[in-house]
Amino acid sequence: GTTLVWLRDDLRIADHAALTAAVDHAARSGTAVGSVVAVYVLDDASEGIRPLGGATRWWLHHALTALADDLAALGIPLLLRLGDPAVIVPELAEVLEVDRVHWTRRYGGPERAVDARIKEMLTSAGFAAHSYPGHLLHEPWTVQTRSGGPYKVFTPFWRELRSRDQDPPLPVPEPLSSIRSARAWLADLGIATGDLAEWGLLPTALDWAGGLRDAWNPTETAAHSLLADFLADRVDDYPRGQDLPAENGTSRLSPYLRFGQISPRQVWDAVHRTALGEGAETYLSEIGWREFCWHLLFHFPDMPHSNLRPQFDAYPWRTAAEAPEEFRAWTQGRTGFGLVDAGQRELWATGHMHNRVRMASASLLVKNLGIHWREGEAWFWDTLVDADAASNPANWQWVAGCGADAAPYFRIFNPERQRERFDPGDVYTRRWVPEYGTDDYPAPIVDLKASRADALAAYAALK
Ligand code: FAD
């Protein structure tokens, strides 16, 4: 019997439980060509599912292109479909006469609702539907505080996770047959593969993606070589390097983890095999932050748009429309604060911003400019190649003070102090803002001291 593997944020062939189970099933039933078919559905239709931003669309195009080749080498065709998965997936199951459909679990509220509905449709139509783990180290419902309920503080959450064992990652499955025969088989059935070019994921009129092309190679293979280089050369120095945006001190794996081109279990395993030490522990704890954000999203599905601490609902943040000049200056890197401007320009050019700079930039927007964190989150959603439904809002809420485990409100980042401390010699700042320090560079658009006092007063009024 044939298995349909519905791919989402799991665009890899190694350590893929849903795919491996499909190949195992095919091997057992003795069929080869067409016994496993994969499909990716670009879903701009389902209720509550947020359409991808520009940078993630660019990434997705290249990730799917690479994945189609990798799957082809295993004898597995990748079908590309645009539309509503609740229509497309059951229809394909029917046409392909599959006996089962597999997928890797998702953890956002709307995504879980879609998956539950499709599972029900498939089951009642006589197909088996199986979901598998893979996006996280541990399923969120298995990680609870001693008194029950989710962790809202990172340190005890991480202590619990760090003490748990991890199964080794799965290898790439054995090839089933050649792609040539799989293509012929699909053609016989009259099933089109689908054409990525028609989805319009790449820039059209204005080519804004040059910097992204220079900065990234969005393939599964590239993810593993980035990880290997990081573990060989930089992990020991990570506790220092992770704070210095001028240096290449971090792993740059976030977009690959975002699209599942590498799994957190593969990262965990590689770190344990090669590099355990203080730097590696710090690095693993950052993978822990990713996990923490996803567990928060599972338990608090409104996190992408609602304050985790409802007392902040009364905070007088402005919308971007209420502060158009300031918001535009922030997005374009013209605030007059060097580190923030460098970060915003790096983001626009490459789809990435260093974590230290993300914190300083977010803090300036939310605390000094008094603009709602949701506005900044939406900008990042559109421009980051690693933008996701968990880490992005969780980190924005953390900076804004309304999130889980947020820093005390009075600890407001000073972007000038941050620049002096973490970008000594302004190396990173000048890389992205060449006019920094000249007459062409704008004066600060906000008085740090006065705006800080305003923010503290607004916070005090909440209590
Ligand atoms: P490394 O330092 O090499 O860390 C390794 C991995 O750990 C990362 O790839 C990432 O998966 C994870 N990680 C590290 N820090 C965090 C963190 N604070 N929260 C969650 N996971 C973390 N990260 C995203 O993946 N997607 C987002 O949309 C996102 N939005 C952010 C918004 C704001 C306002 C801030 C302050 C941070 C945001 N981050 C987000 C977290 C962090 O900035 C990036 O994960 C990191 O910069 C990615 O670079 P790296 O892969 O080189 O990280």
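The values are calculated or read from the model by the stated rules, or taken from the named source; none is laboratory data. Nothing here was measured: the structure is a model prediction, and the numbers come from that model. Please note: Cβ atoms are built from the backbone with ideal geometry, for glycine as well, and neighbour counts cover all protein chains shown.
Please specify each residue of the stretch 368-388 satisfying the condition of being more than 7 Å from the ligand (Cβ to nearest atom), assigned to a loop (DSSP other than H, G, I, E, B) and closer than 25 Å to A63 by Cβ.
V385
Results for (1) over 18 Å from I88 (Cβ atoms); (2) of a type in the set (G, A, S); (3) touching a helix residue (DSSP H, G or I) at 6+ places or on another chain (Cβ under 7 Å); (4) at pLDDT 95 or above, shown as yes or no for each residue.
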site	(1), (2), (3), (4)
G1	yes, yes, yes, no
W6	no, no, yes, yes
R12	yes, no, yes, yes
D24	yes, no, no, no
G30	yes, yes, no, no
L42	no, no, yes, yes
E47	no, no, yes, no
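Please count how many residues of the stretch 337-357 are among the basic types (K, R) and free of Cβ contacts under 8 Å to residues at least 40 places away in the same chain. Spell out the reasoning first.
As a first pass, look at the stretch 337-357 and keep what is among the basic types (K, R): 345, 356.
From what is left, the residues that are free of Cβ contacts under 8 Å to residues at least 40 places away in the same chain are none.
Residues flagged as among the basic types (K, R) and free of Cβ contacts under 8 Å to residues at least 40 places away in the same chain within the stretch 337-357 amount to 0.
Report the residue count in the stretch 18-65 for those that are without any contact (Cβ under 8 Å) to a residue 40 or more places away in the chain, in contact with a Lys or Arg (Cβ under 9 Å, 6 or more places away or on another chain) and not in a loop (DSSP other than H, G, I, E, B).
The number of residues fulfilling the criteria is 0.
Mind checking whether some residue in the stretch 173-189 is in a loop (DSSP other than H, G, I, E, B), farther than 23 Å from A18 by Cβ and among the aliphatic types (A, V, I, L, M)? Outline the logic, then answer.
Kept after step one, since they are in a loop (DSSP other than H, G, I, E, B), are these residues of the stretch 173-189: 173-178.
Next, only the ones that are farther than 23 Å from A18 by Cβ stay: none.
No, because not a single residue in the stretch 173-189 is in a loop (DSSP other than H, G, I, E, B), farther than 23 Å from A18 by Cβ and among the aliphatic types (A, V, I, L, M).
Which is touching a Gly at 6+ places or on another chain (Cβ under 8 Å) and aliphatic (A, V, I, L, M), of V427, V399, V433, V446?
On the way: V427 fails: touching a Gly at 6+ places or on another chain (Cβ under 8 Å); V399 fails: touching a Gly at 6+ places or on another chain (Cβ under 8 Å); V446 fails: touching a Gly at 6+ places or on another chain (Cβ under 8 Å).
The match here is V433.
Could you list, in sequence order, the residues of the stretch 267-287 that are surrounded by fewer than 23 Cβ atoms within 10 Å (Cβ to Cβ), assigned to a helix (DSSP H, G or I) and not hydrophobic (A, V, I, L, M, F, W, C)?
Hits for the stretch 267-287 are D269, H272, R273, T274, E278, G279, E281, T282, S285, E286.
Just one of the numbered conditions (1) surrounded by fewer than 12 Cβ atoms within 10 Å (Cβ to Cβ); (2) touching a residue at least 60 places away in the same chain (Cβ under 8 Å) is not true of T204; which one?
Just one mismatch for T204, condition (2).
For the stretch 285-305, name all the residues that are over 15 Å from D388 (Cβ atoms) and either near the ligand (Cβ under 9 Å from one of its atoms) or of a type in the set (G, A, S) (or both).
Within the stretch 285-305, S285, G288 qualify.
Name the single residue, out of those in the stretch 102-130 being of a type in the set (S, T, N, Q) and over 19 Å from D388 (Cβ atoms), that is surrounded by the most Cβ atoms within 10 Å (Cβ to Cβ).
So the first thing to find is which residues in the stretch 102-130 are of a type in the set (S, T, N, Q), and the list is 104, 123-124.
Remaining after also requiring over 19 Å from D388 (Cβ atoms): 123-124.
On the way: T123: 12, S124: 9.
Once the filter is applied, the top-ranked residue is T123.
Return the pair list, or none, for Cβ contacts closer than 9 Å from residues in the stretch 66-94 that are surrounded by fewer than 22 Cβ atoms within 10 Å (Cβ to Cβ) to residues that are of a type in the set (S, T, Y) and assigned to a helix (DSSP H, G or I), at least 6 apart or on different chains.
A66/T221; D70/T221
Which pairs have Cβ atoms under 7 Å, sit 6 or more apart or on different chains, and link a residue in the stretch 245-273 that is more than 11 Å from the ligand (Cβ to nearest atom) to one that is of a type in the set (D, E)?
Note: pairs meeting the criteria are A246/D423; G260/D9; G260/D10; Q261/E220; S263/D15; R265/D15; Q266/D15.
From the list A209, A232, A223, exactly one residue is aliphatic (A, V, I, L, M) and either within 12 Å of the ligand (Cβ to nearest atom) or in contact with a strand residue (DSSP E or B) (Cβ under 6 Å, 6 or more places away or on another chain) (or both). Which is it? Break it down into steps so the answer makes sense when it comes.
Numbers: A209 fails: either within 12 Å of the ligand (Cβ to nearest atom) or in contact with a strand residue (DSSP E or B) (Cβ under 6 Å, 6 or more places away or on another chain) (or both); A232 fails: either within 12 Å of the ligand (Cβ to nearest atom) or in contact with a strand residue (DSSP E or B) (Cβ under 6 Å, 6 or more places away or on another chain) (or both).
So the residue among A209, A232, A223 that is aliphatic (A, V, I, L, M) and either within 12 Å of the ligand (Cβ to nearest atom) or in contact with a strand residue (DSSP E or B) (Cβ under 6 Å, 6 or more places away or on another chain) (or both) is A223.
Write out, first by first residue and then by second, each pair whose Cβ atoms fall under 6 Å of each other, whose residues are 6+ apart or on separate chains, and whose first residue, in the stretch 409-423, is in the same structural domain as W396 (by TED's automatic domain parsing) while the second is among the aromatic types (F, W, Y) and surrounded by 13 or more Cβ atoms within 10 Å (Cβ to Cβ).
Close Cβ pairs satisfying both conditions: Y409/Y459; P415/F337.
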